[in-house]
1. Looking at B:S341 and the list (1) within 9 Å of another protein chain (Cβ to nearest Cβ); (2) closer than 28 Å to B:S173 by Cβ; (3) modelled with pLDDT of 90 or more, which single condition is not satisfied?
2. Name the residue that is nearest to B:K99 (Cα to Cα), counting only residues in segment B:304-319 that are surrounded by 14 or more Cβ atoms within 10 Å (Cβ to Cβ) and more than 9 Å from chain A (Cβ to nearest Cβ).
3. Quick check on B:L167: is it at pLDDT 90 or above and either surrounded by fewer than 16 Cβ atoms within 10 Å (Cβ to Cβ) or not assigned by TED's automatic domain parsing to the domain that holds B:K99 (or both)?
4. Would you call B:T142 away from every other protein chain (no Cβ under 11 Å), under 30 Å from B:A314 (Cα atoms) and either surrounded by fewer than 22 Cβ atoms within 10 Å (Cβ to Cβ) or charged (D, E, K, R) (or both)?
5. Testing B:L126 on (1) within 14 Å of chain A (Cβ to nearest Cβ); (2) buried (at least 21 other Cβ atoms within 10 Å of the Cβ); (3) over 22 Å from B:R59 (Cβ atoms), one condition comes back false. Which one is that?
6. Quick test of your reading of the structure: B:E114 fulfils all but one of (1) at pLDDT 95 or above; (2) closer than 27 Å to B:V147 by Cα; (3) not basic (K, R). Name the failing condition by number.
7. Taking the condition within 11 Å of chain A (Cβ to nearest Cβ), at pLDDT 85 or above and in a helix (DSSP H, G or I), does B:Y250 pass?
8. Would it be correct to say that B:I43 is β-branched (V, I, T), more than 20 Å from A:Q34 (Cβ to Cβ) and either outside any helix (DSSP H, G or I) or in contact with a His (Cβ under 8 Å, 6 or more places away or on another chain) (or both)?
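The values are calculated or read from the model by the stated rules, or taken from the named source; none is laboratory data. Here the structure is a predicted model, which means the values were calculated and not measured. Glycine also receives a Cβ, built like all others from the backbone with ideal geometry; neighbour counts cover every protein chain displayed.
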Amino acid sequence: MKRLLKGCFIGLVLTFAITSPVSAGDEDLPDPDQKTAESILMKEW
Amino acid sequence: MQNIKEKLNHLNYKLFLGKPNNSDELELDLISSRISNYSNVDINHYFLLIKLRVLAIKRNLRAATRIINQIQSFHDQLSGYNKSLFGIYSAHKLLLENKHQEAKGKLTDVLSRENVTLERWLKGYLFYLYALCETKGYRISTCLLYVDKALTIFQGEYFISRCIDCLIIKGVSYMRLNDLEQAEECFAISENLLFKEPDTNRQLKVLHNRALILLKRGQNKEAVEYLLNTVRLKKEMETINNDSLTFSIYVLAKTYYKLQNIQECKHWLHEMERDPIPAGIQIELILLDYLCMAEEETEVLANTAGFIKELKQAGKWNEAAEFNYLIGQKYQSLKQYKKASAHFQSAYIAQTNLSI
């Protein structure tokens, strides 16, 4: 039983050694608008 | 009346280009005072929609919400074109609030209105925002489909900075598919375009994403150099908001953790501005804090389960998979193989939940 568990564990570790997950939140995505300095300078309505 | 319509059209376009100037401000004030004298409902609605656009660009989201509620009360009376504009500009505001699912709903409505003719730049912008929603929702194939549609239009109209944005999204999508060569190609073209239209904000995004490619290739030292440069330049740039800087510091700290340089990880977590913590990474930061704390007191790892559950409930399967993996690794180093195995298994299941 212990051997079986160890085997499963090694299998899982190997799976992740190949496909180590990368978070989707790590990428720096573009802004939805242009976000230029000029547009920020526009005065209040 | 025609004159006012033309002026509003011109301003609407300038807001898309991100280049409104001082005379436009005066023009807006002038229109604001004159518009009430006209009874043309469509132009009044159009004016309100541009007002919504300006408020969202200025990140005055509370005032933008008020305008949205106001327009919502007479939504049925809007013309087809104004309805489409309302959908696109509400989606823009929702994306700024990280509500990409709701934003996608608005954009889907606009896409389904086939009888409405939109200007080419607006159509490109619609596709671009849709691709952005899809990339945030991790739906890679539809993201690529729409970002290509947007890119085709922006290339045809010579909107260089918009092309760069599309190429960044494409690069990120290929990176997620582990097609690192294609991803690098996209970022290399972006950098070429950045020579033509220099923009530090976009340059930093390219730099940051290239660091992630290096990490995937196992070139960890180079990746950390890229990330350190990104953080340094973001600190120097006054126009970059705090959220953007905090986000890059978080990724840098996590990278150090993955490289098992816990001291540097703690240093950068300490450097981070946490008042307020950007909404998008609140749970992730708590989990990273726990992982660092587990270096001294391993029992704290037991507290992570609830937060992993929250990530899953928020549909953040990648983040759940990643933190399950990191916690599993920690248990493995502590020789607690049963717990490690359970976390690796959870990571695997979380990853298979991704809809690609």
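1. Result: B:S341 passes all but (2).
2. Taking segment B:304-319 as the starting set, the residues that turn out to be surrounded by 14 or more Cβ atoms within 10 Å (Cβ to Cβ) are B:304, B:307-308, B:310-312, B:315-319.
Filter once more, keeping what is more than 9 Å from chain A (Cβ to nearest Cβ): B:304, B:307-308, B:310-312, B:315.
Details: B:T304: 25, B:F307: 20, B:I308: 20, B:E310: 16, B:L311: 15, B:K312: 16, B:G315: 12 Å.
Looking at residues that are surrounded by 14 or more Cβ atoms within 10 Å (Cβ to Cβ) and more than 9 Å from chain A (Cβ to nearest Cβ), I get B:G315.
3. On the way: at pLDDT 90 or above: yes; either surrounded by fewer than 16 Cβ atoms within 10 Å (Cβ to Cβ) or not assigned by TED's automatic domain parsing to the domain that holds B:K99 (or both): yes.
Yes: the conditions hold for B:L167.
4. On the way: away from every other protein chain (no Cβ under 11 Å): yes; under 30 Å from B:A314 (Cα atoms): yes; either surrounded by fewer than 22 Cβ atoms within 10 Å (Cβ to Cβ) or charged (D, E, K, R) (or both): yes.
Yes.
5. Answer for B:L126: the failing condition is (3).
6. Status for B:E114: all satisfied but (1).
7. Values: within 11 Å of chain A (Cβ to nearest Cβ): yes; at pLDDT 85 or above: yes; in a helix (DSSP H, G or I): yes.
The answer is yes for B:Y250.
8. Values: β-branched (V, I, T): yes; more than 20 Å from A:Q34 (Cβ to Cβ): yes; either outside any helix (DSSP H, G or I) or in contact with a His (Cβ under 8 Å, 6 or more places away or on another chain) (or both): no.
So B:I43 fails the test.
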